[in-house]
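*Asks:* Input: one structure, supplied below.
The values are calculated or read from the model by the stated rules, or taken from the named source; none is laboratory data. These numbers were taken from a predicted model, which means no experiment stands behind them. As a convention, Cβ positions derive from the backbone with ideal geometry for all residues, glycine included, and neighbour counts pool all protein chains shown. We work out accessible area using only protein heavy atoms, side chains counted, and drop any ligands, DNA or RNA first. Shrake-Rupley method; radii C 1.70, N 1.55, O 1.52, S 1.80 Å.
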Amino acid sequence: MSYSKQLLSHNTMRIDAKCLGIIPIFDLRNIHKILVEGLSPLRVIGGGSNILLTSDINAYVLKNEIKGIEIIDEDAEQVLVKVGGGENWHQFVMWAISHGLGGIENLALIPGCVGAAPMQNIGAYGVEQVDTFHSLIAVDLKDGISQTFYKEDCNFGYRESIFKHEAKDRYFITHVMYRLQKSPTVHVAYGDIQNWLDQYNISVPSIRDVADAIMAIRKSKLPDPAVLPNTGSFFKNPIVPLAHLNELKESHPDIVSYQVDDQHVKIPAAWLIERCGYKGKRYGDAATHKSHALVLVNHGNASGKQMMEFANEIAGAVKAQFGVEIVPEVNLW
Ligand code: FAD
Ligand code: NAP
């Protein structure tokens, strides 16, 4: 069978790179067939909203198209939902809200597929997918055997999981199970959400109000990849020891930070990048967004190599000025 090799329309940074073939996967049989045929090496892709293609890819790319949202267990307080890894994440959030089920409304409008959500433990506005995660089913691409991973197996952290480290490129996540609440508590601690609710005089917000707030904020702040190609936050927000923050405060008294634990704080990478003069800066077609320094954008024909050179320059400037390492959140292919 001949497969398309062009990854241009499969990555939201719109990098024009090729692979050995893009193979749609609708069910387990498709995966087993690929393994029997001995096609290798293999990579997995969902919506391509968190990858940077640094060059052509010497691998077959399995495109997750496994669909389905099914309630598999239920009690008075919660439901257990099994979701196909190829379902669109935002559509799943909308499904949950339309069924009055809470827990993932703060994650509205995150691009990509459900199967990729555990990969970096997606998070936004004070909520992470680990908060509702129950388990996932993944096929080991070495032997085709399906395994169940529970929370304790995944080593979830801030934009982290084993699937970004020791289990990288080994598994195809086919389904994810989430526990959603019938009488949810809403999370509105992030200032932008509260401001939006105040603007509309909403004092007791529903899960739909929270999702509406977040969708409106995101649309006003973030570039739409369909209009200006990007992968969201390019770098992770660095977590540094409190002592380092206190040193930085001497020369930068207005530095922004959020407490992580007794000894550590998170500094918004956007703040550091902006202070280094990189907000809205352009390097050929590679640039940082004019209103969000953490979002690298492709103004047209940037190659993955150019994007990476620009990203390295930014990280170098932040290190030189603040002594803080910022590392890519995006997966480098
Ligand atoms: P892809 O980019 O296709 O893949 C990402 C990685 O996961 C790859 O390494 C791939 O091999 C692996 N992978 C994908 N599917 C599978 C699978 N089924 N099994 C095994 N491995 C797999 N992220 C956040 O956390 N919070 C945000 O608020 C957020 N906002 C964003 C806003 C914008 C505008 C954009 C463009 C991105 C944003 N992101 C955010 C990043 C991105 O949307 C998420 O990381 C999302 O989960 C990626 O899904 P995807 O299907 O596009 O993954
Ligand atoms: P923001 O609200 O301007 O805040 C900047 C950073 O400060 C955020 O990254 C956030 O860290 C942190 N922060 C803000 N308020 C906080 C609070 N009350 N408690 C703890 N930390 C706080 O950020 P933004 O860029 O507009 O993004 C809003 C949310 O969407 C954030 O959660 C962000 O992570 C998420 N987002 C993620 C991506 C991505 O690609 N990963 C892209 C766009 C937006 P956290 O990142 O830890 O939340």
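*Asks:* Can you pull out the residues in region 314-333 that are surrounded by 15 or more Cβ atoms within 10 Å (Cβ to Cβ), among the aliphatic types (A, V, I, L, M) and under 22 Å from the mean Cα position of the chain (by Cα)?
*Replies:* I314, A315, I326, V330
*Asks:* If you check L242, L248, which single one turns out to be away from ligand 1 (no atom under 16 Å from the Cβ), open to solvent by 20 Å² or more (accessible area, probe 1.4 Å) and closer than 26 Å to K319 by Cβ?
*Replies:* Selected residue: L242, the only one of L242, L248 that is away from ligand 1 (no atom under 16 Å from the Cβ), open to solvent by 20 Å² or more (accessible area, probe 1.4 Å) and closer than 26 Å to K319 by Cβ.
*Asks:* Can you name every residue in region 296-308 that is within 15 Å of ligand 1 (Cβ to nearest atom) and free of Cβ contacts under 8 Å to residues at least 40 places away in the same chain?
*Replies:* Scanning region 296-308 gives no hits.
*Asks:* Can you name the residue in region 25-37 that is open to solvent by 50 Å² or more (accessible area, probe 1.4 Å) and closer than 16 Å to R170 by Cα and is also nearest to the chain's Cα centre (by Cα) among such residues?
*Replies:* L28
*Asks:* All but one of (1) within 12 Å of ligand 1 (Cβ to nearest atom); (2) farther than 22 Å from W333 by Cα hold for V139; which doesn't?
*Replies:* (2)
*Asks:* While we're on this one: Tell me which of these F92 doesn't satisfy, since it passes every other one: (1) within 22 Å of the chain's Cα centre (by Cα); (2) over 14 Å from V176 (Cβ atoms); (3) outside any strand (DSSP E or B); (4) among the hydrophobic types (A, V, I, L, M, F, W, C).
*Replies:* (2)
*Asks:* Quick check on my filter: what residues within region 1-29 are touching a Gly at 6+ places or on another chain (Cβ under 8 Å) and free of Cβ contacts under 8 Å to residues at least 24 places away in the same chain?
*Replies:* S2, S4, K5 - these are the residues of region 1-29 that are touching a Gly at 6+ places or on another chain (Cβ under 8 Å) and free of Cβ contacts under 8 Å to residues at least 24 places away in the same chain.
*Asks:* If you check A293, A286, A270, A311, which single one turns out to be more than 24 Å from H252 (Cβ to Cβ), crowded, with 19+ Cβ neighbours inside 10 Å and within 16 Å of ligand 1 (Cβ to nearest atom)?
*Replies:* A286 is the lone residue from the list that is more than 24 Å from H252 (Cβ to Cβ), crowded, with 19+ Cβ neighbours inside 10 Å and within 16 Å of ligand 1 (Cβ to nearest atom).
*Asks:* Could you tell me which residue of region 62-88 is least open to solvent (accessible area, probe 1.4 Å), considering only residues that are polar (S, T, N, Q) and closer than 18 Å to T132 by Cα?
*Replies:* The residue in question is Q78.
*Asks:* Of D169, D153, D143, which residue is more than 17 Å from the chain's Cα centre (by Cα), surrounded by fewer than 20 Cβ atoms within 10 Å (Cβ to Cβ), within 25 Å of N58 (Cβ to Cβ) and not aliphatic (A, V, I, L, M)?
*Replies:* D143
*Asks:* Scanning region 236-261 for residues that are free of Cβ contacts under 8 Å to residues at least 12 places away in the same chain and not in a helix (DSSP H, G or I), which turns out farthest from ligand 2 (Cβ to nearest atom)?
*Replies:* Per the criteria, the residue is P253.
*Asks:* Hey, another quick one. Limited to region 211-235, what total is found for residues that are near ligand 2 (Cβ under 10 Å from one of its atoms), assigned to a loop (DSSP other than H, G, I, E, B) and open to solvent by 30 Å² or more (accessible area, probe 1.4 Å)?
*Replies:* The number of residues fulfilling the criteria is 1.
*Asks:* Between A287, A293, which is closer than 22 Å to S220 by Cα and in a strand (DSSP E or B)?
*Replies:* Exactly one residue qualifies, and that residue is A287.
*Asks:* Return yes when V324 is β-branched (V, I, T) and either part of a strand (DSSP E or B) or without any contact (Cβ under 8 Å) to a residue 40 or more places away in the chain (or both) and no when it is not.
*Replies:* No; evaluated as a whole, the condition is false for this residue.
*Asks:* I'd like the residue in region 176-215 that is touching a Leu at 6+ places or on another chain (Cβ under 9 Å) and among the hydroxyl-bearing types (S, T, Y) and, out of all such residues, is nearest to ligand 1 (Cβ to nearest atom).
*Replies:* Going through the qualifying residues, I end up with Y178.
*Asks:* While we're here: Tell me, yes or no, whether region 8-24 has at least one residue that is buried (at least 20 other Cβ atoms within 10 Å of the Cβ), within 19 Å of the chain's Cα centre (by Cα) and not in a loop (DSSP other than H, G, I, E, B).
*Replies:* Taking every residue of region 8-24 in turn, at least one turns out to be buried (at least 20 other Cβ atoms within 10 Å of the Cβ), within 19 Å of the chain's Cα centre (by Cα) and not in a loop (DSSP other than H, G, I, E, B).
*Asks:* Is there a residue in region 100-115 that is open to solvent by 10 Å² or more (accessible area, probe 1.4 Å), more than 8 Å from ligand 1 (Cβ to nearest atom), among the small types (G, A, S) and not in a strand (DSSP E or B)?
*Replies:* The answer is yes, given that some residue of region 100-115 is open to solvent by 10 Å² or more (accessible area, probe 1.4 Å), more than 8 Å from ligand 1 (Cβ to nearest atom), among the small types (G, A, S) and not in a strand (DSSP E or B).
*Asks:* So, one more: Hey, among K290, K281, which residue is within 16 Å of ligand 2 (Cβ to nearest atom) and over 24 Å from D56 (Cα atoms)?
*Replies:* K290 is the lone residue from the list that is within 16 Å of ligand 2 (Cβ to nearest atom) and over 24 Å from D56 (Cα atoms).
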